[in-house]
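To start, the structure under review is shown below, and the notes come after it.
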Amino acid sequence: MPGAQNLGMSGGSVRTGLAAIQASHRPSRVVVVEINGVIAREKDADLLGSVFNPWSRGLRRALPMFKTEYKPIDVAIRVAEAVTHHVRVEFIVASLRDRQIRAIAAVEAKPLSDDEVRALKTAAADVRADLATLVRNGSCVPLMDIPREPVLDGSVRARMTRNLLQAEFPAPRFRWIELPRENRVTSDGTHLNRAAANMLARDAAKVAHC
């Protein structure tokens, strides 16, 4: 989206993205934060070091294809599509995709353990502190939960995680943006495909302004 930067870190840690914003010392007007089970992931110190390394920063500025992790592969895919007369390149065929979704669903049918609940609460406290810093610096910080396949969104583990995090980030103290969950096609049950991700970004942009 115009004027926006993606700090999703290709499925990495939300806390890594928040740390990158704070370390940049350049407050953003709006920071949309994904709040779900991924907040339990630790900050990636190696990635943060790379982000602020003057050599790698110079490379990203000179070559746009290096601005997002795995972007060179994305560029290669686009070239391949053009060469093959726009035949879409698929990494995961339908049978493998369905098998992956079933495997994730089997795991998510089990409730969160006590240790997982404690880890999420600890992570939530850290994220709340980061969000408070952003707000003090003048940023508007709406929260959102990116939709997945319905069978996974409705799982025992997903419902427990949502309820826990909505309690840790209660409205109206925290502003949650509601996004349509239909037409959110994923490549593996969790990660939106390109078309769905672009649609999500457009929908978020419409409601994220403060």
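If the condition is being within 17 Å of residue 122 (Cα to Cα) and hydrophobic (A, V, I, L, M, F, W, C), then the range 34-45 contributes 35, 38, 39, 40. For the range 26-42, the set of residues classified as part of a loop (DSSP other than H, G, I, E, B) and over 17 Å from residue 179 (Cβ atoms) consists of 26, 27, 28, 29, 41, 42, listed by residue number. Within the range 112-130, being closer than 17 Å to residue 166 by Cβ and in a loop (DSSP other than H, G, I, E, B) holds for one residue alone: 112. When residue 115 is tested against (1) free of Cβ contacts under 8 Å to residues at least 24 places away in the same chain; (2) acidic (Asp, Glu); (3) touching an Asp or Glu at 6+ places or on another chain (Cβ under 9 Å), just one condition goes unmet, and that condition is (3). Taken over the range 131-175, residues that are outside any helix (DSSP H, G or I) and crowded, with 16+ Cβ neighbours inside 10 Å amount to 13. Filtered by the rule that a residue be charged (D, E, K, R) and out of contact with any Lys or Arg (no Cβ under 7 Å at 6 or more places or on another chain), the range 154-171 gives 159, 162. Every condition in (1) under 17 Å from residue 34 (Cβ atoms); (2) of a type in the set (D, E, K, R); (3) touching a residue at least 60 places away in the same chain (Cβ under 8 Å) holds for residue 153 except the one numbered (3). The number of residues in the range 1-32 being of a type in the set (A, V, I, L, M, F, W, C) and modelled with pLDDT under 75 comes to 4.
The values are calculated or read from the model by the stated rules, or taken from the named source; none is laboratory data. Please read all numbers here as calculations on a predicted model, not as lab measurements. Every residue, glycine as well, gets a Cβ built from its backbone with ideal geometry; the counts of neighbours run over all protein chains shown.
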